[in-house]
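First comes the structure, then the notes that go with it.
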Amino acid sequence: MTTTHASLSYLDPARPEPWASFIEQIDRVAPHLGKLSHWLETLKRPKRVLIVDVPIVRDDGSIAHYEGYRVQHNLSRGPGKGGVRFHPAVSLNEVMALSGWMTIKNAALGLPFGGAKGGIRIDPRAFSAAELERITRRYTSEIGIVIGPDKDIPAPDVGTSEQTMAWMMDTYSVNVGHTASGVVTGKPVALGGSLGRQEATGRGVFIAAREAGLRMNVPVTGARVVVQGFGNVGGVAARIFRENGAKVIALQDAEATLANPAGIDIPAALAHVAANGSLAGFDGAQPVSEDSFWRIDCEYFVPAALEGRVTPARARGLRTKILVEGANGPTTPAADDILRDRFILVIPDVLANAGGVTVSYFEWVQDFSSFFWTEDEINARLESIMVKAFDAIWRMAQERKVSIRTAAFIIACQRVLAAREQRGLYP
Ligand code: GLU
């Protein structure tokens, strides 16, 4: 029997995405796994799905309920690991796909974790800080039965921050009766967080882009870069591209789409967002239409917002040499095929944005040993893990004549399924 997105009774068959995309990516690996493909079905069914009610008292005294999730997709290689998303579009289906991509990402990078993800369907901008704290604490308490430093370790994702992690760490610690700093990563440094964690995802995106550029003869210095999404991933990646001599010529966030062929002053754009909450009104670039944004001539295009944004129609219009996925799941499988046919190289999310979880791994190790590393040590280790993974995945792609995404999935699935096989099925 083959599982499709519709095989799981708890999913709405009318809304297959993005879990259906994840399943399709898994299916594409099957012919490359030899005997291990026997175990592939494991990856098409999350190990554990937890749905929780998150009730809070709002500032006006009314009671409101929100829906929260924690999905542990696979725990064969270690504890669950993956972020928590606060966004109005969060759904069980989305959290499942994101948890699956964490399984692949952690295994592709060789981190000793399974894959997990969480989320609450809320617009965090619609709440006061006090309300967000109550939502976060109640959610943490509700998922407290499945998380823990050696069980499943949440981290920030879209709509969550260091502050969210501080509340989660405190709530979990109060509930278990002792400070358990290793229960989450992406914490403030004062609470056992790691230097370099906040910018690690963006830094990793840059490392992946640079490595691709070296092999494709597309030097970063002087390259034109377009960044879609200007948060913790896109903002940092844009800054590091610029520091390395690239020209960021267009940016988009939830409120504005802007271009400046002469190159955007990224520190000024970041300062504008810090002061105003979005790029809207930033005068260092001109507003452009959504459609023309996706057709701008460039060397690197970095989708760093949400999944499913690189649609087949946009893939047909993109005029870039390399697409570097800062977001999770930005490119649909159909769009992936179009990009391949157009010779646009895709550096997939599970490699390109793995810098964040890699430094999360360092944070977790530092918390366990209560011994903290310097920022230079963190960045040097991040660089070495990313380059090593890039190299192995690149070689696999050449060897098997497959996309970089399929190569990353092959390496990851080999590791996860070999662990599954060696552990055996209980009972
Ligand atoms: N949310 C990030 C991701 O999608 C980081 C996860 C983590 O550090 O656990 O990779």
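The values are calculated or read from the model by the stated rules, or taken from the named source; none is laboratory data. Note that the structure is a prediction, hence the values are computed from the model and not measured. Glycine also receives a Cβ, built like all others from the backbone with ideal geometry; neighbour counts cover every protein chain displayed. SASA here: full protein model, heavy atoms, side chains in, ligands and nucleic acids out. Shrake-Rupley method; radii C 1.70, N 1.55, O 1.52, S 1.80 Å.
Here are the numbers for the structure shown:
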read-out	value
Selection from the stretch 47-74 of residues that are within 26 Å of residue 108 (Cβ to Cβ) and either in contact with a Pro (Cβ under 9 Å, 6 or more places away or on another chain) or away from the ligand (no atom under 16 Å from the Cβ) (or both)	47, 48, 49, 50, 70, 71, 72, 73, 74
Residues of the stretch 270-311 satisfying the condition of being open to solvent by less than 30 Å² (accessible area, probe 1.4 Å) and more than 29 Å from residue 18 (Cβ to Cβ)	282, 284, 285
Residue list for the stretch 201-240, restricted to those being out of contact with any helix residue (DSSP H, G or I) (no Cβ under 6 Å at 6 or more places or on another chain) and either at pLDDT below 95 or assigned to a helix (DSSP H, G or I) (or both)	209, 210, 212, 213, 214, 215, 216, 234
Residue 158 vs. criteria within 26 Å of residue 304 (Cβ to Cβ), within 12 Å of the ligand (Cβ to nearest atom), of a type in the set (A, V, I, L, M) and crowded, with 24+ Cβ neighbours inside 10 Å	no
In the stretch 111-128, the residues that are in a strand (DSSP E or B) and either within 14 Å of the ligand (Cβ to nearest atom) or without any contact (Cβ under 8 Å) to a residue 40 or more places away in the chain (or both)	115, 116, 117, 118, 119
Search result, residues across the stretch 239-265 that are small (Gly, Ala, Ser) and closer than 19 Å to residue 157 by Cβ	254
Residue 91 in contact with a strand residue (DSSP E or B) (Cβ under 9 Å, 6 or more places away or on another chain) and farther than 22 Å from residue 413 by Cα	yes
Within the stretch 75-110, tally of residues that are within 11 Å of the ligand (Cβ to nearest atom) and over 15 Å from the mean Cα position of the chain (by Cα)	1
Selection count where residues are surrounded by fewer than 12 Cβ atoms within 10 Å (Cβ to Cβ) and free of Cβ contacts under 8 Å to residues at least 40 places away in the same chain, scope the stretch 28-66	7
Residue within the stretch 295-309 that is without any contact (Cβ under 8 Å) to a residue 24 or more places away in the chain and in contact with a Leu (Cβ under 7 Å, 6 or more places away or on another chain) present	no
Matching option when the condition is open to solvent by less than 10 Å² (accessible area, probe 1.4 Å) and over 24 Å from residue 200 (Cα atoms), among 153, 122	122
Test: residue 194 is under 18 Å from residue 359 (Cβ atoms) and within 11 Å of the ligand (Cβ to nearest atom)	yes
Only one of 422, 366 that is among the polar types (S, T, N, Q), over 19 Å from residue 27 (Cα atoms) and open to solvent by 30 Å² or more (accessible area, probe 1.4 Å)	422
Sole exception among (1) within 15 Å of the ligand (Cβ to nearest atom); (2) open to solvent by 10 Å² or more (accessible area, probe 1.4 Å) for residue 179, by number	(1)
